[in-house]
1. Residues to consider are THR46, THR29; find the one that is crowded, with 16+ Cβ neighbours inside 10 Å, in a loop (DSSP other than H, G, I, E, B), touching a residue at least 24 places away in the same chain (Cβ under 8 Å) and of a type in the set (S, T, N, Q).
2. Take region 180-210 and flag every residue that is among the hydrophobic types (A, V, I, L, M, F, W, C) and in a loop (DSSP other than H, G, I, E, B).
3. Do you know which residues across region 100-150 are part of a strand (DSSP E or B) and under 13 Å from the mean Cα position of the chain (by Cα)?
4. Looking only at residues that are within 13 Å of the chain's Cα centre (by Cα) and among the polar types (S, T, N, Q) in region 151-196, which one is surrounded by the fewest Cβ atoms within 10 Å (Cβ to Cβ)?
5. How about region 87-104: which of its residues are of a type outside the set (Val, Ile, Thr) and in contact (Cβ under 8 Å) with a residue 12 or more places away in the chain?
Amino acid sequence: MKTTNVEQAVARIPDGASLMVGGFMGVGTPEALMDELVRQGRRELTLIANDTAMPGVGIGKLVSARLLRKVIASHIGLNPETQRRMIAGEIEVELVPQGTLIERIRAAGHGLGGVLTPTGVGTVVEQGKQKIAVDGRDYLLETALHADFALVHAFMADYLGNLTYTLTARNFNPVIAMAGKTVIVEAEHVMPVGMIAPDHVMTPAPLVDYLIVKA
């Protein structure tokens, strides 16, 4: 794990990269990383996240700045900008049921090829997907979701990269930290090693590649 500043962290992300971003309607989203992505003007990004928040909030900033080529999310209902760009053909949007989405990400983090789910069987969702029967019931094979980068928000980190989260800001952050090839963490508090009790660690240090530390 290496410490870095937000400018250097985002400089590692090329145009066209795939990003997993933590958060639920902006809660638990690494805001400084969102702002820096906009400032550096990354383009043609593929976003994997629960949602696209709202205009001016979290991931919504990436939408408004036209940085995204594709969005894979469980809903976009509270961001009219995402909806407008999707209808206009400016962003490709793949909507995935929330449970299926997080399990596909979890599968990637655990080295699995995918998961079987009955969700979507008998609907347009099953088009183009493999159907597998288990004990007389049909399931869809939903493949694992990987990303080039996972952008994680934590409440507290130590200088080894151990992370802890608080309340609902935890949401999908620990899961995406398992599924990104490179994990970049923005923490509210960076503490000396030993300040986070071992049984409070929710994401262990070996998963973290870069920890943002303010100058």
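1. THR29
2. If the condition is that a residue be among the hydrophobic types (A, V, I, L, M, F, W, C) and in a loop (DSSP other than H, G, I, E, B), then VAL193, MET195, ILE196, ALA197, VAL201, MET202, VAL208 are the ones that fit.
3. Within region 100-150, ALA147, ASP148, PHE149, ALA150 qualify.
4. THR182
5. Those that are of a type outside the set (Val, Ile, Thr) and in contact (Cβ under 8 Å) with a residue 12 or more places away in the chain: GLU90, GLU92, GLU94, LEU95, PRO97, GLN98, GLY99, LEU101, GLU103, ARG104.
Residues are listed down the side, and each one gets a yes or a no for (1) farther than 30 Å from PRO204 by Cα; (2) modelled with pLDDT under 95:
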{"site": "ALA53", "(1), (2)": "no, no"}
{"site": "LEU62", "(1), (2)": "no, no"}
{"site": "ALA73", "(1), (2)": "no, no"}
{"site": "ILE76", "(1), (2)": "yes, no"}
{"site": "ILE102", "(1), (2)": "no, no"}
{"site": "GLY109", "(1), (2)": "no, no"}
{"site": "GLY113", "(1), (2)": "no, no"}
{"site": "VAL124", "(1), (2)": "yes, yes"}
{"site": "ILE132", "(1), (2)": "yes, no"}
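The values are calculated or read from the model by the stated rules, or taken from the named source; none is laboratory data. Everything numeric here is computed off the predicted structure, so don't read it as measured data. As a convention, Cβ positions derive from the backbone with ideal geometry for all residues, glycine included, and neighbour counts pool all protein chains shown.
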